[in-house]
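**Student:** Can you read through this structure? Questions will come right after.
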Amino acid sequence: MKKNTVQNLKILSFIKIFDRTLLFGVFLMVYQPIRAQIPAPDLYCIRNDTLQWSVPTVNCGNILGYEIYYSDAKSGPYSLLTTINNVSVNSYFHITAGKDFYYYMLTKADCPGQLPLSSDTLDNTDPPLVPIEVVNVLNGKCVITWKIPATTKQLSYIIYRTTPNGTLPIDTVSNTNTYTDLTSNPLVQSESYFILALDLCGNASIFDKPHYSILADTSFDYCKRELRISWTKYQNWANGVEAYQIWASTNGANAIMVGTTDAATTDFTLKNIAKGDKLCIYIKALQAGSNLTTQSNEICIDINAIRPVEFIQPISASVLSNNSVELKWAWSADADLQSASVLSGNSITNITSNTGYVYNAPAVQVNEFTITGINPVHAPVFFKVSATDFCGAIYASFPVSTIHMTGKANEDKSNTLVWDFLAPAGIIVKNYTVFKNIAGNETVEGVLPANVNALKDEVDIDKQEEAEICYYVVANVEITLEDGTVLEEKIRSNDICLQQFASLFFPNAIAPDGLNNEFRPLTVFAQNATYTLQVYDRFGQKVFETNDINQPWKGKKDGVALPLGVYVYYARLLQPNGKTEERKGSVLLLR
């Protein structure tokens, strides 16, 4: 039995030079007396030239020890390195090991006639380099794919990423060659990765060159309607980059390739961008000499966010009761304005004075600004609005003016009103409403058609309060903006106040002892006027004077009755509005 065991070991050493598994099967078929096998130690790793194994379970007899065989070539020949007789030992340090040595083990056991099996053959080399194939950006995260190296080692993979604190491991995975880094942020930075192989003993491969995700960025030039796309290079493909492709989708449609560049060019300009489009852009890199590709982050841009001034349209310049002017205008609500100003002037060709308007973003469709320090009473005031966009283009509205009302008090005790209105384009006057105010009581004097701009108002002479009447007119308009919006608006004119002429009517005779015994005037609208009455005799002597319109002359001088005769009078009435009424005549004094 002992002789048979030695013979079997010699045959096994010979088999190790060849493919031990295949020839061992052939050996079993030839060597019929062998009916069982001695299990080998489980040689599972070699770390720092130390072999480590698990003690086998042998049922046919006691374990006597272990034999370790080695070679500098995987195919052999193998030589006995050492025999370990302590059956409880499960490691061995090969002090003279060279690089790229291969090892296997046999179990020595008290099992006559049974053939020992060999363990797996392991080498003492580090795990092989793991080349990254590509770093893609998908759904906003980095996806790393690598080549699984050809090796007999059982491997795991450590994923490293470069961070502000250095290159750090972020995860370890097995049985895969793809990893999605959920902690990556490739939308704002280019991420770089390494993959290291790790065997069961904890041996790790060396670092290969890092691969970087492509970071794309865009800037939109509205003035030229061009989208400039730039990106970082894809680095450390073995064959380098052959070309870059620019892909774009419009308004949710499938992406199409819109341009290419060579490997040295990392920017591209997309021209003739349509307003209102939503573009999503990403970059693809093509590896030279293969069909391997990778893509960048995707950037989506809403072109509607940047728009010019589509229109500026005046709506109204309405005079308020304090003679300030409320200006209203409309412009495109989503206009990308840099600044705007409101100008005023005294004619349609002289609108240059800055009113102090300050534009505050964002733009809204209908705007209001109250303008003070102007005088819309004596003449119409003209306005226009100008705006400057971020391209430096200047847009200006058509002029608009206040409604200017004028009027006069007529001697026939009526007031005539006239108004002028420069209606801008898009404004339709539906009618005019004329308001009048008598002693604080406001009423509607009339509603007039759009083609009428004058009114004559009869004054009631029996109502002293109608000596002064104030008026204004309101234009009721419909405005169609250039974007199709229809607005209703009331545009108010300036106020005017008209004071009627005061009238004096004197009798031509008085009889102090009769019915008509006082000389004083009948008056119309003489309230609050400054009054003077002087009476002279035929010699030019002043016999009476008063400033009280209610004080009569009763044919006396200093209380003494004057004789019958013709007397001359002079009367003067000065109204608060500056109008003067004078009367000269004679009166017959009867006794």
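Bear in mind these aren't lab numbers, they're just calculated from the coordinates by the rules spelled out. Just so we're clear, the structure is a prediction, and the values are computed from it rather than from any experiment. Because the Cβ atoms are built from the backbone with ideal geometry, glycine has one as well, and the counts that use them run over all protein chains shown.
**Student:** As a footprinting exposure proxy, order 404, 94, 378 by other Cβ within 10 Å, with the fewest listed first.
**Tutor:** 378, 94, 404
**Student:** Exposure proxy check: 493, 88 ranked by fewest other beta carbons within 10 Å? Write out the running numbers ahead of the final one.
**Tutor:** Values: 493 26, 88 7.
Exposure proxy ranking, most exposed first: 88, 493.
**Student:** If the viscosity is 1.567 mPa s and the temperature 4 °C, what translational diffusion coefficient in µm²/s does Stokes-Einstein give for the chain when Rh comes from Kirkwood over Cα pairs?
**Tutor:** Stokes-Einstein gives a translational diffusion coefficient of 36 µm²/s.
**Student:** Which of 179, 454, 223 sits closest to the plus end of the dipole of the chain, meaning its Cα is farthest towards the positive end, when Lys and Arg get +1 and Asp and Glu get -1 on the C-beta?
**Tutor:** Towards the positive end, the residue furthest out is 179.
**Student:** Continuing with the same structure: Given labels modelled 7 Å from the Cα in the Cβ direction, how far is it in nm from residue 584 to residue 278?
**Tutor:** 9.0 nm
**Student:** Can you compute the FRET efficiency between residue 515 and residue 442 using 1/(1 + (r/R0)^6), with r the Cβ-Cβ distance and R0 = 35 Å? Round to the nearest 0.05.
**Tutor:** E(calc), rounded to 0.05, equals 0.20.
**Student:** Give me 311, 421 sorted ascending by neighbouring Cβ count inside 10 Å, so fewest comes first.
**Tutor:** Taking fewest neighbouring Cβ atoms as first place, the list is 311, 421.
**Student:** What's the angle, to the nearest 10 degrees (0 to 90), between helix 2-16's Cα axis and the longest principal axis of the chain?
**Tutor:** Orientation of helix 2-16: about 40 degrees from the principal axis.
**Student:** Further question: Please report the spacing between the Cα centers of region 559-588 and region 117-172 in Å, no decimals.
**Tutor:** 123 Å
**Student:** Rank 308, 150, 48 by how far each Cα sits towards the positive end of the charge dipole of the chain (+1 on Lys, Arg Cβ; -1 on Asp, Glu Cβ) and give me just the farthest.
**Tutor:** Working it through, the farthest residue towards the positive pole turns out to be 48.
**Student:** OK, next. Rg to Rh for region 73-169: what is it, with Cα atoms only and Rh by Kirkwood?
**Tutor:** Using only Cα positions, Rg/Rh for region 73-169 is 1.16.
**Student:** Please list the non-local residues whose amide H lies under 5 Å from the amide H of residue 65, H modeled 1.01 Å from N, same-chain partners needing a gap of 5 or more.
**Tutor:** When sequence neighbours closer than 5 places are left aside, the close amide H contacts are 108.
**Student:** Give the Rg/Rh ratio for region 498-591, taking Rg as the radius of gyration of the Cα atoms and Rh as the Kirkwood radius, to two decimals. The partial results should precede the final answer.
**Tutor:** Working: Rg = 13.6 Å, Rh = 13.7 Å.
Checking Rg against Rh, the ratio lands at 0.99.
**Student:** Could you order the peptides 261-271, 113-123 from most to least packed, using the average number of other C-beta atoms within 10 Å per residue?
**Tutor:** 113-123, 261-271
**Student:** Calculate the spin-label point distance for residue 386 paired with residue 411, positioning each point 7 Å from the Cα along the beta-carbon direction, and give it in nanometres.
**Tutor:** Modelled inter-label distance: 5.1 nm.
**Student:** Report the extension gain between residue 238 and residue 221 in nm, rounded to one decimal, defined as 0.36 nm multiplied by the number of residues separating them, less their alpha carbon distance.
**Tutor:** On the way: separation 17, 0.36 × 17 = 6.12 nm, distance 3.71 nm.
Length gained between residue 238 and residue 221: 2.4 nm.
**Student:** Right, next: Might you list the cysteines of the chain that have no disulfide-compatible partner by the rule of another cysteine's Cβ under 4.7 Å?
**Tutor:** Lone cysteines by the Cβ rule: 142.
**Student:** Indicate the gyration tensor shape class of region 216-305 (rounded, prolate or oblate), computed on the Cα atoms with a ≥ b ≥ c the square roots of the eigenvalues: a/c under 1.5 is rounded; otherwise a/b larger than b/c is prolate and the rest oblate.
**Tutor:** Because a/c hits 1.5 or more and a/b exceeds b/c, region 216-305 counts as prolate.
**Student:** Per residue of region 138-155, in order, report the coupling 6.51 cos²θ - 1.76 cosθ + 1.60 (Karplus, θ = phi - 60°) as ³J(HN,Hα) in whole Hz, putting x for Gly and Pro.
**Tutor:** Values, residue by residue: 10, 6, x, 10, 7, 10, 9, 10, 9, 7, 7, x, 7, 7, 8, 6, 8, 10 Hz.
**Student:** Residue by residue through region 396-402, what is 3J(HN,Hα) from phi via Karplus (6.51 cos²θ - 1.76 cosθ + 1.60, θ = phi - 60°)? Round to whole Hz and write x for glycine and proline.
**Tutor:** Along region 396-402, the couplings run 9, 7, 5, x, 9, 10, 5 Hz.
**Student:** Given the -39500 (n - 2.57) contribution per DSSP H run of 4+ residues, what per-residue ellipticity at 222 nm results for the chain, rounded to the nearest 500 deg cm²/dmol?
**Tutor:** So the helix-based figure for the chain works out to -1500 deg cm²/dmol.
**Student:** Working from Cα positions, state the angle (0 to 90°, nearest 10) between the long axis of helix 20-30 and the longest principal axis of the chain.
**Tutor:** So the inclination is approximately 40 degrees.
**Student:** Run the quick spin-label model on residue 375 and residue 171: label points 7 Å from Cα toward the beta carbon, then report their separation in nm to one decimal.
**Tutor:** Using points 7 Å along Cα→Cβ, the separation is 8.0 nm.
**Student:** Near the amide H of residue 544, under 5 Å away, which other amide H atoms are found, from residues 5 or more places off or on another chain, if H is placed in the peptide plane?
**Tutor:** Counting only residues 5 or more places away or on other chains, the set is 535.
**Student:** Quote the Stokes-Einstein diffusion coefficient, in whole µm² s⁻¹, for region 307-500, based on the Kirkwood radius over alpha carbon pairs, a temperature of 10 °C and a viscosity of 1.306 mPa s.
**Tutor:** Working: Rh = 17.8 Å.
Using the Kirkwood radius from Cα pairs, D works out to 89 µm²/s.
**Student:** Sticking with this structure for a sec: What list of ³J(HN,Hα) couplings, whole Hz, do you get for region 458-466 from phi and the Karplus terms 6.51, -1.76, 1.60, once you set θ to phi - 60° and write x for glycine and proline?
**Tutor:** In residue order, the calculated couplings are 6, 9, 8, 6, 7, 10, 4, 5, 8 Hz.
**Student:** Could you tell me the relative contact order of the chain? Use alpha-carbon pairs under 8 Å, at least six residues apart, and round to a whole percent.
**Tutor:** 7 percent.
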